[in-house]
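Q: My questions all concern the structure below.
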Amino acid sequence: MNNHQNNFVEKPAHIIKMNEQLHQTAEAPDGAPMGLPGMFYADQSYFEHECATTLRQSWHCVGRTDELIEEGDYLTLNLLGEPLIIVRVSDGINALSNVCRHRGMPLAEGQGNTKRFVCPYHAWTYGTDGALLRATRMKNSGFDPKTCKLGEFACIERFGFIYVSLSENPTNIDQELVGLADLIGDYEPENYRIVHNETEIWKTNWKCLVENFMEGYHLSVVHPQTLHGYTPTGLSVKGSSGDGFTSYYANYPQDIQWRGVGSPKLADDARHRSTLFATYPCQVTSISASLLVSLSIRPLAADAIEVKWTMSAYGEELDEYTIDQRIALWQDVNREDREKLEIMQSAFKSVHAIGGPLAGPNYEGTVHDFLLWLARHDR
């Protein structure tokens, strides 16, 4: 057996079968789109396949740029099993491996500001660029500090967000997001300031939250008190999409006032709606004239995700009382969605969870867009 044969690992038969079914679902006739069967949301081995392929090859939102304002500001997170330090340096933001090059100890936790990262195990010390600065008592003749720089991952800032890819050969994020600037550019998303963030564990599959956030079909049913009054299902309209994103407009009734003035570039119709968009695979966002709410989804298991959600306000337009009201509203909205998704997760292993027809483009066209993306990126 040659080396190529030694290195080849064949996919399990049921993964191959699920891949085929994913492509069949994506290729449904125009006007008759279908959703995925429950096993795509419940099978742990399929989740591990996604982590090794689609998810690891993609760009993930890890926060807002204004979370890291001063040089040395950092935050830590775990993305698909990779411990990361996201840190601002003099010329931008770096994504460093949060793993000491000596014995593998994590260097930092939480967030803060620092000039260097010191390993709590043996005091190896690194700069914010990842370079090893000090390794006390190291007399090993094979030791070379230059070869002990922290690992680094691709990190890019776009629209006021920080994106990281774990891939050694990341895709072109600007090509994937062609058209997104036309959709949200007039809101000036980079000029929103963060006013709140929370991190929660939801017992649901990562794809469920993407699909839920990106369809208006459930708004009036699941959120009768919180959202129906100003973003009813019946006023949802499909927006533009691209290689790496999809969108829809949650329009406000005519008798509802604007919920802020926002950017001077905005047309009146943009002030009279919320624009919701997903940047694949794991970021979903709602932006309106005065408020931006973004959920960064970190897959943990087939039935578990870590959700970091941030709220940002445009400039200084909203006062503290209004911001507190908006935070409370979104806490209720997220709770309502979480409750439904966790209940739904419990039923996905049923033999009757075979996937059903999707509603029309204005209601679930974004879900169909997402399934098409999943099929294109299944490798």
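Q: Taking the Cα centre of the chain as origin and charging only Cβ (+1 Lys, Arg; -1 Asp, Glu), how large is the dipole, in debye to the nearest 20? Can you show the working numbers first?
A: Details: 32 positive and 49 negative charges, 287 e Å.
It comes to approximately 1380 debye.
Q: OK, next. Pairwise over distinct Cα atoms, reciprocal of the mean inverse distance: report the Kirkwood radius of segment 59-165 in Å, one decimal place. All intermediate terms of the calculation are to be shown ahead of the outcome.
A: On the way: mean 1/r = 0.0710 Å⁻¹.
Computed over segment 59-165, the radius equals 14.1 Å.
Q: For the pair residue 23 and residue 48, how long in nm is the line joining their label points, each one 7 Å along Cα→Cβ?
A: 2.4
Q: Here's another thing I want to ask about it. How large is Rg/Rh for segment 150-190, to two decimals, with Cα atoms and a Kirkwood Rh?
A: Numbers: Rg = 12.1 Å, Rh = 11.6 Å.
Looking at segment 150-190, the ratio lands at 1.05.
Q: Add -39500 (n - 2.57) for each DSSP H run of 4 or more in the chain, then divide by its residues: what number comes out at 222 nm, to the nearest 500 deg cm²/dmol? List each step's numbers first, then the result.
A: Values: 11 runs with 97 residues, N = 379.
My calculation for the chain gives -7000 deg cm²/dmol from helical runs alone.
Q: Could you list the trypsin sites (Lys or Arg not before Pro) in segment 56-156 that lie in coil according to DSSP, counting only those with at most 16 other Cβ atoms within 10 Å of their Cβ? Mind showing how you got there, number by number?
A: Working: sites: 56, 64, 88, 101, 103, 115, 116, 134, 137, 139, 146, 149; in loops: 56, 101, 103, 115, 137, 139, 149.
Passing both the DSSP loop test and the Cβ count: 103, 115, 137, 139, 149.
Q: Kirkwood-based Rg over Rh for segment 326-379 (C-alpha set), two decimals? Walk me through the intermediate numbers first.
A: Values: Rg = 14.8 Å, Rh = 13.8 Å.
Reported Rg/Rh, Kirkwood definition of Rh: 1.07.
Q: Moving on to the next point. Which residues' amide hydrogens lie under 5 Å from the amide hydrogen of residue 63, considering only partners 5 or more residues apart or on another chain, with H built in the peptide plane?
A: So residue 63 has HN proximity to 162.
Q: With Cβ to Cβ distances under 13 Å as the rule, what net charge do the other residues near residue 82 carry (K, R +1; D, E -1)? Walk me through the intermediate numbers first.
A: On the way: positive: 56, 298; negative: 152, 168.
The answer is 0.
Q: Give a quick list of chymotrypsin sites (Phe, Trp or Tyr not before Pro) in segment 274-379 that DSSP marks as loop, anything other than H, G, I, E or B, with at most 16 other Cβ atoms within 10 Å.
A: On the way: sites: 277, 309, 314, 321, 330, 348, 363, 370, 373; in loops: 348.
In loop regions of segment 274-379 (DSSP not H, G, I, E or B), there are no sparsely surrounded chymotrypsin sites (Phe, Trp or Tyr not before Pro).
Q: Okay, moving on. Starting from the Cα gyration tensor of the chain, multiply each eigenvalue by 5, take the square root, and state the resulting semi-axes largest first in whole Å.
A: Calculated on Cα positions only, the semi-axes equal 36, 29, 17 Å.
Q: Another question, if that's okay. Under 12 Å from the Cβ of residue 173, count the other residues' Cβ atoms, weight Lys and Arg +1, Asp and Glu -1, and hand me the total. Before the final figure, lay out each step's value.
A: On the way: positive: 158; negative: 157, 174, 176, 243.
Around residue 173, the charge tally is -3.
Q: For the chain, which cysteines have no disulfide-compatible partner, meaning no other cysteine Cβ under 4.7 Å?
A: Unpaired cysteines in the chain: 51, 61, 148, 155, 208, 282.
Q: Positive end of the charge dipole of the chain (Lys, Arg +1 and Asp, Glu -1 on Cβ, about the Cα centre): tell me which of 136, 236, 72 has its Cα farthest that way.
A: Result: 136.
Q: Now for a different question. I want to check the label-to-label distance for residue 255 and residue 139. Put each point 7 Å from Cα in the C-beta direction and report it in nm to one decimal.
A: 8.5
Q: Next up: Mind telling me which of 189, 281, 106 comes out most flexible in a GNM of the chain, alpha-carbon contacts under 10 Å?
A: In this elastic network of the chain, the residue with the biggest mean-square fluctuation among 189, 281, 106 is 106.
Q: Going 7 Å from the Cα of residue 114 along its beta-carbon direction, which residues of segment 120-162 have the amide nitrogen within less than 18 Å of the resulting point?
A: Counting only backbone N, you get 120-136, 148-153.
Q: Using Cβ contacts closer than 10 Å as the measure, can you line up 187, 192 from fewest to most?
A: Details: 187 23, 192 27.
With the sparsest Cβ surroundings first, the list reads 187, 192.
Q: Let me ask something additional. Which one, 174, 43, 144, has the greatest fluctuation when you compute a Gaussian network model over the chain with C-alpha springs under 10 angstrom?
A: 144
Q: How about segment 294-323: which GluC sites (Glu not before Pro) there lie in a loop by DSSP and see at most 12 other Cβ atoms within 10 Å?
A: 316
Q: First select every other residue whose beta carbon is under 12 angstrom from the beta carbon of residue 129; then total the charges, Lys and Arg +1, Asp and Glu -1. Write out the running numbers ahead of the final one.
A: Values: positive: 88, 115, 116, 149; negative: 71, 91, 152.
Result for the neighbourhood of residue 129: +1.
Bear in mind that the values in this text are calculations on the coordinates, not laboratory data. Remember, it's a predicted structure, so these values are computed and weren't measured experimentally. Quick reminder, even Gly has a Cβ in these numbers, built from the backbone with ideal geometry, and neighbours come from all protein chains shown.
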